[in-house]
1. What per residue convex hull volume, in Å³, do the alpha-carbon atoms of the stretch A:75-127 yield?
2. Any idea how far apart residue B:178 and residue B:356 come out in nm if each label point goes 7 Å out from Cα toward Cβ?
3. Can you tell me, using C-alpha contacts under 8 Å and at least 6 residues apart, the relative contact order of the stretch A:145-293 as a whole percent?
4. Would you work out the relative contact order for chain B, in percent, from Cα pairs under 8 angstrom that are 6 or more residues apart?
5. With only Lys, Arg, Asp and Glu charged, each at its Cβ (+1 for the first two, -1 for the last two), find how big the charge dipole of the protein assembly as shown is about the Cα centre; round to the nearest 20 debye.
6. Of B:82/B:203; A:323/B:43; B:76/B:204; A:293/B:82; B:161/B:203, which sit over 26 Å apart, Cα to Cα?
7. Pick out, from B:89, B:255, B:318, the residue whose Cα sits farthest towards the positive end of the charge dipole of chain B, with +1 on the Cβ of Lys and Arg and -1 on the Cβ of Asp and Glu.
8. What does the copy distance list look like for residue A:24, label position 7 Å along Cα→Cβ, in nm and ordered from shortest?
Protein chains: 2
Amino acid sequence: MNNNFSFSLQDCDGSARLGVINTAHGQIKTPAFMPVGTSATVKVIKNIDILNSGADIILGNTYHLMLRPGAELIEKAGGLHKFMGWNKPILTDSGGFQVMSLSNIRKINDEGVEFSSHIDGTKYFVTPEKSISIQYQLGSTITMAFDECIAFPATYEDSKKAMIRSFEWAYRSKNNFVTRNGYGLFGIVQGGVYRELREESAKKLIEIGFDGYAIGGLAVGEGQEIMFEVLDYLPAILPKDKPRYLMGVGKPSDIVGAVSRGVDMFDCVIPTRSGRTGQAFTSRGAVNIRNAKYRDDFSPLESDCKCYACVNHSMAYLHHLAKSNEILASMLLSEHNIFYYQKLMSDIRYHISKKTFTSFAKSFIADDIADESC
Amino acid sequence: MNNNFSFSLQDCDGSARLGVINTAHGQIKTPAFMPVGTSATVKVIKNIDILNSGADIILGNTYHLMLRPGAELIEKAGGLHKFMGWNKPILTDSGGFQVMSLSNIRKINDEGVEFSSHIDGTKYFVTPEKSISIQYQLGSTITMAFDECIAFPATYEDSKKAMIRSFEWAYRSKNNFVTRNGYGLFGIVQGGVYRELREESAKKLIEIGFDGYAIGGLAVGEGQEIMFEVLDYLPAILPKDKPRYLMGVGKPSDIVGAVSRGVDMFDCVIPTRSGRTGQAFTSRGAVNIRNAKYRDDFSPLESDCKCYACVNHSMAYLHHLAKSNEILASMLLSEHNIFYYQKLMSDIRYHISKKTFTSFAKSFIADDIADESC
């Protein structure tokens, strides 16, 4: 629908896909992982280090940004890219998920959602039209349709109602989306864990037509097995020539398993949130750097990792920083985890291109037994 | 006393001195400001950014390091330089000041100080010999003699007692110091605000002979005027061919005023601590970035500053981060403040070399009216 926003599928290995999304702010190599920059910052990391990790795109949260500093201020700054100093693509969620999970909802009906801010209690009324126009003010490279997210577990009836409302909101989102070259709009498939609802949701969204299709309402507590059951059929019924985005996912093995089922894009707070609590991802599994066994381990977290911490510091030093509650521990581990995730995506893309992804995925998931909880 | 540890006085302008300290870990251009790296990290800044700010040397705290992670572990790592990944000079204080200000002192006598850790209550007994041997384990480029710091205000009698004890401890510090090429030992002049005591302390320390002379017991609440009164006579009675270090100082105008009185080295937590509370130093005075007037100020903090924040971000963005309690605000402001301090030292050195320091200092101190409290 937008001339310069396009997805080019370059290769496949089984259901895993290698591609490139072309946008007004540059290319996104897929499968892609988007670090989460909730409030116009990927927490505790400078943009330069996100760039160096290899990330092509980050995610911003419409809900947080509309509350603080406000869409008008960001528009006045010249958009979110200029405001936060990030020149590559930005995807913004629509606010639907955070409205449901963070705010105090006053009223929800077919028109939209009335809620009060979790920060200062200010009242807001957000409709699909409002969400899309805020994302326009932000200048999002990829705008997400406004949807209704319900908690897990949900009955068939509740899932159906939310799916139908989300579809109607997707329709209104599309109608209010102002096309600009190189900017895209994604629809969000809902329907909980019910195949019939998921299929109906996908079919209706495809009829409307979007630049990409997201899978919402997973990674909300159902567990990897049930999530993979949905992914066993859902990506296959989405258009081949559009990117598929699994929202809010996930752990490394979730990502590998979802890629093997045909998903192209991911976002998750796990690498940064884990970094702030002393958790590090490594090829040996997850590491809790506060563990006493690292006190005098003078080797790096990961010997072939190119992140600042692995090049310059030992696990013993990171252990000391974490035990001393030094913020530098959060800085170094968050950055390391973002590097780990981007390296994982790069490895995934490499193996798809070499047609070795299936065996890579199999051994990756089999090996996914963390040595320490993360 | 150590072949390769030397101070070369290159130029003077009035009492202000331009020099270079040669050490085993490289040169230190003076006047020098040492960022404080209490627990083996300058808080919330990576070493690479300290380096980029132009700092030649940082300070570590013996008291904190002996408590956590412990001198033995750092020695096992190959010393503090290797442990924290900083290859340029490190000065460590002797622990005297922190023992008095942070720990729970059980007993203090001529032998040393018995205290319990403020972290976990563990009992320690530190003597001058112990402090020097810990600093040896740390591999400090510049070791500080162990001294007794008393609170301000202090009577003449108390100041005299502490000065005499500090002198005796300085003697024992020197006796226990193991000389290594390019490593130095500094004595600390005490005596409170009493000229007679200060002169006696200086004279006795010079008789022992040190690689540099520190001025302790100032910046403890006496105010700039009284501090400058001491500095009006004290640096002049210290050896010309050794560096003079004013401990724990200070605000920019304190530094400029002390340099004009013949001081060569400084350390202070102000730039980093201020950064963590939303305060920034600029040529226009101190800025509280949380102030509402910066909400939509899209200019940088300081247009000719080379720090990451000033090159990449606006005050409006920094304001947003600080108001949102994002750690990135602390990261960017701490780094900016360290850049500001190093730029100040660089300007000071430039003006001494050009014999324009006196007028620079005069206008700098006259202009030192912060627009917002810092």
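1. Working: hull volume 5.9 nm³, N = 53.
It comes to 112 Å³ per residue, whole-number rounded.
2. The two pseudo-label positions are separated by 4.9 nm.
3. Details: 209 pairs, mean separation 25.6, N = 149.
In percent, rounded to a whole number, it is 17.
4. Numbers: 768 pairs, mean separation 67.8, N = 374.
Worked out over chain B, it gives 18 percent.
5. Details: 80 positive and 82 negative charges, 145 e Å.
In debye, rounded to 20, the protein assembly as shown gives about 700.
6. Working: B:82/B:203 37 Å; A:323/B:43 14 Å; B:76/B:204 36 Å; A:293/B:82 20 Å; B:161/B:203 16 Å.
In this structure, B:82/B:203; B:76/B:204 lie more than 26 Å apart at Cα.
7. B:89
8. Label-point separations across copies, in nm and ascending: 5.9.
The values are calculated or read from the model by the stated rules, or taken from the named source; none is laboratory data. These numbers were taken from a predicted model, which means no experiment stands behind them. Methodologically, a virtual Cβ is constructed for each residue, glycine included, from the backbone with ideal geometry; neighbour enumeration extends over all protein chains shown. Just so you know, the surface numbers come from the protein's heavy atoms only, side chains and all, with ligands and any DNA or RNA stripped out. Shrake-Rupley method; radii C 1.70, N 1.55, O 1.52, S 1.80 Å.
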